[in-house]
Amino acid sequence: MNLSDGSPEAALDRSDRRGTGGWESVLADEAHLVAPGGEWRSELWRVAVEQFDRAADLLGIDPEVRSRLLEPCRALTVNFPVRRDNGEVEVFTGYRVQHTLTMGPTKGGVRYAPGVSLGECAALALWMTLKCQLVGLPFGGAKGGVRCDPNRLSHSELERLTRRYASEIFPIIGPNRDIPAPDMATGEQEMAWFMDTYSQQVGYAVPEIVTGKPLLLGGIIGRQSATGLGAVYSVESVLERMGWDLHGLRVVVQGFGNVGAVIARELALRGAILVGISDVTGGIASATGLDVGALIAWVGEHQFVRGFPGGGSVAREDVLQISCDILIPAALEHQITADNASSLDCRLVVEAANGPTTPQADRILADRGIRVVPDVIANAGGVTASYFEWAQDQQKYLWDSQAIDDRLRKQLRDGIERVFASADRFDIDWRTAAQTVAIERFAAAATLRAIYP
Ligand code: NAD
């Protein structure tokens, strides 16, 4: 009998097997069965679960509550065609994962990258929930993206891809349901197309459907630089706690995009010396310091850092090993691993990217006395500014740039103070401390709402 057969005989057969206890053993034999949580299986999800479990163990969270907090609440996979400029049609796969609907609408970026998967989006959505709780935003986490190589797509192909992806996930997004934002390889232009596509569907302009939009469409001053600035505010708080002076400290930044370029610029403005930088094309180093303004101008003209004449070229993977005080991964996940953690030559790691350090590497760094400012606080500036933009669009009341910057700084500093307080309370590392703060709040909210029906 075919188990997927929907006939009455098959139903009887199934109930018989269940009744005799044989049904479970039939299921257990099925090689294709998905283990609990198996939908999200990916290296990043494994990392996210390991980090989450460590904090949940410390808090003594009940296993039943734990799985409610951990597993994403809703996930959508879409496959859709896009016409390439040469007339051919290519089918792309995209995702949108909403981790929790408990605290409000969900919020999270959209990325275009070759490695985008359901499991990656699930891990990133969970971290978004934790970030929002840590800095006190009324959101759950979400994440989405399209598996593609954005460097191979023209401007018009990117527009068609963005519009079609927006239409595909339309049923589950909305200003009070789920609000996308930029992430890897997406920015103001993609958000403008996204907002236009959504607005066309409903028949009126809905700026609050996305954040990270151009100013003219309801964006806010400073959203583009908020993630990088937030990382800089985290650095300032940490240095105050450690009694270090930023002036003259040597910094290496991996990644020179939305986040990395702002961090490099802002830290250099505050007196740090940028001794190494990299992007997907390679690295540039100078022991006496790179001229960040010249680097930004170079990338503006040539798109990548490769060939920049103001420093020596270094292999992309060697940039992380350059001797420095602060190493800032600001590119992508899984960069500091068991393979290279022993050879890092820094005193502090600040995770501007999501998930750049594996749990094994975390342990090696801890043994070596290198402290890590975790992603959930170091890059929370982006979602915090996104919250301001969403609130402004909902209220139809414009905020001035000073108010935005003051609140961004305060909200992040408050968040990191909560991390320090939890680190002191449990005598633990900052990553676990950040997760305990966020999970404790989330668990309390879930308990208050209880279970429907
Ligand atoms: P981006 O696409 O603007 O920039 C990514 C940069 O990393 C580019 O310079 C790219 O060339 C470089 N890069 C890619 N692969 C690399 C490699 N193997 N080695 C070195 N450099 C490499 O993306 P972004 O928005 O700056 O995001 C960077 C990270 O920050 C991601 O992990 C993202 O999830 C995280 N983040 C971004 C935001 C945001 O507001 N944009 C918010 C929170 C977190």
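Considering only the other residues whose Cβ falls under 9 Å of the Cβ of ARG431, what net charge follows from Lys and Arg at +1 and Asp and Glu at -1? Every neighbour counted, the sum reads -3. Normalise the Debye intensity by I(0) for region 245-309, one equal point scatterer per Cα, no solvent, then take log10 at q = 0.28 Å⁻¹ and round to two decimals. Debye output, listed in q order: -1.33.
Given the Cα atoms of region 179-249, and with Rh set as the inverse mean 1/r over their pairs in the Kirkwood sense, what is Rg to Rh to two decimals?
Working: Rg = 17.1 Å, Rh = 14.1 Å.
That ratio equals 1.21.
Helices meeting the span-like rule in the chain (full DSSP H runs, Cα extent of at least 27 Å along the helix axis, mean Kyte-Doolittle score of 1.6 or higher) are absent.
So for the chain, taking the charge dipole from beta-carbon charges (+1 Lys/Arg, -1 Asp/Glu), which of VAL206, ALA446, ALA181 sits furthest toward the positive end? Checking the options against the dipole of the chain, the answer is VAL206. Protection proxy ranking of 417-426, 85-94, 132-141, by the mean of other Cβ atoms within 10 Å over each peptide's residues and highest first, is 132-141, 417-426, 85-94. For MET184, the residues whose modelled amide H falls within less than 5 Å of its own, excluding neighbours fewer than 5 places apart on the same chain, are TYR112.
Would you mind computing the Rg to Rh ratio of region 36-189 from its alpha-carbon coordinates, Kirkwood style for Rh?
Ratio value, two decimals: 1.01.
If you wrap region 261-403 in the convex hull of its Cα atoms and look at it from every side, the mean projected area works out to 10.1 nm². Rg and Dmax of region 104-169, both derived from C-alpha coordinates alone, stand at 13.5, 39 Å. In straight-distance terms, cross-link reach from LYS396 covers every one of the aspartates and glutamates whose alpha-carbon lies under 14 Å from its own, apart from those fewer than eight places away in the same chain; here that gives GLU208.
Per DSSP H run of n ≥ 4, the term is -39500 (n - 2.57); total these for the chain, divide by its residue number, and report the mean residue ellipticity at 222 nm rounded to 500 deg cm²/dmol. That comes out to -15000 deg cm²/dmol. Its Cα gyration tensor gives the chain an equivalent ellipsoid; the semi-axes, largest first and in whole Å, are 37, 27, 23. Under 5 Å between amide H atoms, partner at least 5 residues away or on a different chain: which partners does LEU274 have, H built in plane at 1.01 Å? Residues meeting the criterion, in which the H sits 1.01 Å from N, are VAL251, LEU290.
Other residues within the sphere of radius under 10 Å centred on the Cβ of ASP85, judged by their own Cβ, net out at +1 (K and R +1, D and E -1).
Which distance in Å, rounded to a whole number, links the C-alpha centroids of region 258-323 and region 209-226? One Cα centre to the other: 26 Å.
Bridging of LYS143 to lysines at a Cα separation below 16 Å is possible for LYS107, LYS131, once same-chain residues fewer than 8 apart are set aside. Here, P(r) means the percent of Cα pairs in each 10 Å bin from 0 to the largest distance; for region 170-317 it is 11, 33, 27, 20, 9, 1. Expressed to the nearest 5 percent, the antiparallel share of DSSP beta bridges inside region 186-333 is 45 percent. As a test, work out the antiparallel percent of DSSP beta bridges whose residues both lie in the chain, rounded to the nearest 5. Around 50 percent of the beta bridges assigned by DSSP in the chain are antiparallel ones.
Which shape class applies to region 321-376: rounded if a/c is under 1.5, otherwise prolate when a/b exceeds b/c and oblate if not, where a ≥ b ≥ c are the square roots of the Cα gyration tensor eigenvalues? Note, shape of region 321-376 comes out rounded. Put simply, when 200-209, 177-186 are sorted by average Cβ atoms within 10 angstrom per residue, most first, you get 177-186, 200-209. Positive end of the dipole of the chain (Cβ unit charges, origin at the Cα centre): among GLY300, ILE61, ALA403, the Cα lying farthest that way belongs to ALA403.
Just so you know, all these numbers are worked out from the coordinates, no wet-lab data involved. Note that this is a predicted model, so its numbers are computed, not measured. Cβ atoms come from the backbone with ideal geometry, glycine included; neighbour counts cover every protein chain shown.
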